[in-house]
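Down below is the structure, laid out as structure tokens.
The values are calculated or read from the model by the stated rules, or taken from the named source; none is laboratory data. No experiment lies behind these values; they were computed from the predicted model shown. Note that each Cβ is placed from the backbone with ideal geometry, even for glycine, and that neighbours are counted across all protein chains shown. The accessibility values were calculated without ligands, DNA or RNA, using every heavy atom of the protein model including side chains. Shrake-Rupley method; radii C 1.70, N 1.55, O 1.52, S 1.80 Å.
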Amino acid sequence: MVFNTGAALLDAIVLSVVSREPEGTYGYKITQEVRGALEVSESTLYPVLRRLQKDGCLEAYDREFGGRNRRYYKITGRGEVQLNLYQTEWKEYSDRITRLFTGGGQG
């Protein structure tokens, strides 16, 4: 993708992916889903997960899988509020850009 991906957009995408699973989801699966929209490495995503956890938007817990612990992330109430804000902002932003691209002007 030729467009720059800012931290806020990455946070929004990660929160959206995690919010789809009521019991939470694990890091590798989050990475794979995010890669469906953006080219991003695991080394980029894990700091995002840690920051969102530190900010109270995600909580993490371990669950045994195949004899090993797997780290799961679950959205919190604070994370849901933040995700709703991101979704509102994205809708307004993308509508403005689409109007510019299609010649619709301001509005």
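Here is how the numbers come out for the structure above:
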{"item": "The listed residue being assigned to a loop (DSSP other than H, G, I, E, B) and within 22 Å of residue 90 (Cα to Cα), out of 48, 40, 17", "result": "40"}
{"item": "In region 56-107, the residues that are without any contact (Cβ under 8 Å) to a residue 24 or more places away in the chain, under 18 Å from residue 10 (Cβ atoms), small (Gly, Ala, Ser) and assigned to a helix (DSSP H, G or I)", "result": "94"}
{"item": "Selection status of residue 33, part of a loop (DSSP other than H, G, I, E, B), open to solvent by 50 Å² or more (accessible area, probe 1.4 Å), of a type in the set (Asp, Glu) and in contact (Cβ under 8 Å) with a residue 12 or more places away in the chain", "result": "no"}
{"item": "Count of region 75-95 residues which are open to solvent by less than 60 Å² (accessible area, probe 1.4 Å) and not hydrophobic (A, V, I, L, M, F, W, C)", "result": "7"}
